[in-house]
Amino acid sequence: MALILCGQLTFGQQAPVGYDDTPMQPDGKWHVHDGTRPQPPIVAPGVTNERPELAPADAVILLGTTDDLKAWQMTDGAPATWTSKGGVLQTGKGMLRTRREFTDFQLHVEFATPTEVKGNSQERGNSGVFLLGKFEIQVLDSYNNITYPDGQAAAMYGQYPPLVNASRRPGEWQTYDIAFTAPRFGANSELEEPAIVTVFHNGVLVQNGNAFWGPTSHRSVLPYSADTAKGPIALQDHGNPVRYRNIWIRALDR
Ligand code: MG
């Protein structure tokens with residue numbers, strides 16, 4: 001494993017923040033998790049997200065203000081074991097997913113990374129929103145935390161950094177508003193249209209109609225397969241105590 005040493009820390013240490021022994025991304029510009037890729041500019045968001053945003057009338061509430069997790073299960077089909085109190089969901093062991101599957105949708109997610117800052121780079125407030133269970137929009141504490149740009153908050157993990165870093169402070173509530181179009185496949189399972197995503201982070205545009213190269217992955221480039229045509233919304237357990245609240249979706253099935 002060849003970690004590139006860069007990213008200055010407060011105490012003069014150097015943190016490993018990227019890789020140079022990973023495959024080149026399909027456009028040939030950067031390695032997967034390239035630590036030398038430019039860091040997105042920091043933009044302070046205008047919204048405060050102090051209160052949960054009200055859902056539109058036709059939204060399906062996946063995580064509301066009650067403690068129940070009836071919309072969710074573990075990825076192996078077992079009952080949900082993460083805990084929710086007053087509508088605040090705490091990450092637990094194993095990945096959580098919606099029971100329902102989706103194709104195209106508008107998704108609203110609110111999250112908060114731990115108030116107490118622990119760890120660096122990918123080990124600080126790491127979780128993730130997995131669209132169709134396959135395409136990760138990274139959740140990370142990216143406030144004063146340098147990591148490889150395609151792995152910071154609001155990145156299409158391992159593929160595209162966000163256009164800007166609109167992260168709020170650790171412990172503060174943040175929002176993702178996501179418009180997603182599922183990939184389309186032909187009669188012989190050949191890819192006809194890739195998955196497309198637009199993401200607003202705390203109200204700031206950070207992914208603008210970007211196509212995924214395939215399912216997201218650590219240190220690799222994965223091809224599309226026809227089983228990525230639909231799937232659940234899933235939340236990642238990366239061993240860090242991230243909180244979620246107020247998750248709703250508007251399915252746009254064609
Ligand atoms: Mg993650």
Expected unfolding gain across A59-K93 under the 0.36 nm per residue rule, minus the alpha-carbon gap, is 9.4 nm
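For segment 160-254, with every protein chain kept in place, what is the accessible area per residue (1.4 Å probe, Å²)?
Values: 3880 Å² over 95 residues.
In whole numbers, segment 160-254 has 41 Å² accessible per residue.
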Can you tell me the relative contact order of the chain? Whole percent, Cα pairs under 8 Å, sequence separation 6 or more.
27 percent
Straight-line reach from K230: which lysines have Cα under 18 Å away, leaving out those fewer than 8 places along the same chain?
K134
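Loop only per DSSP, at most 10 neighbouring Cβ atoms within 10 Å: give me the GluC sites (Glu not before Pro) in segment 58-154, ordered by residue number. List each step's numbers first, then the result.
On the way: sites: E101, E110, E116, E123, E136; in loops: E101, E116.
Those satisfying the criteria are E116.
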Here FRET efficiency (C-beta to C-beta, R184 to M24, R₀ 30 Å, nearest 0.05) is 0.70
For segment 53-251, build the convex hull from the C-alpha positions and give me its volume per residue in Å³.
112 Å³
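Loop-only GluC sites (Glu not before Pro) in segment 164-254, please: DSSP not H, G, I, E or B, and at most 10 other Cβ atoms within 10 Å. Before the final figure, lay out each step's value.
On the way: sites: E172, E190, E192; in loops: E172, E190.
Sites meeting the loop and neighbour criteria: E190.
Just to verify a number: FRET efficiency for R219 and D67, C-beta to C-beta distance, R0 = 41 Å, to 0.05?
On the way: r = 37 Å, r/R0 = 0.91.
Given R0 = 41 Å and the Cβ-Cβ separation, E is 0.65.
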For segment 74-153: accessible area per residue (Å², 1.4 Å):
36 Å²
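For segment 88-183, which whole-number percentage of the solvent-accessible area (1.4 Å probe, protein heavy atoms only) is attributable to carbon and sulfur atoms?
Values: 1360 of 2790 Å².
C and S fraction of accessible area: 49 percent.
The values are calculated or read from the model by the stated rules, or taken from the named source; none is laboratory data. The shown structure was predicted, so the numbers you read here are calculated from the model rather than taken from an experiment. Cβ coordinates were reconstructed from backbone atoms using ideal geometry, including for glycine residues, and neighbour counts include every protein chain displayed. Just so you know, the surface numbers come from the protein's heavy atoms only, side chains and all, with ligands and any DNA or RNA stripped out. Shrake-Rupley method; radii C 1.70, N 1.55, O 1.52, S 1.80 Å.
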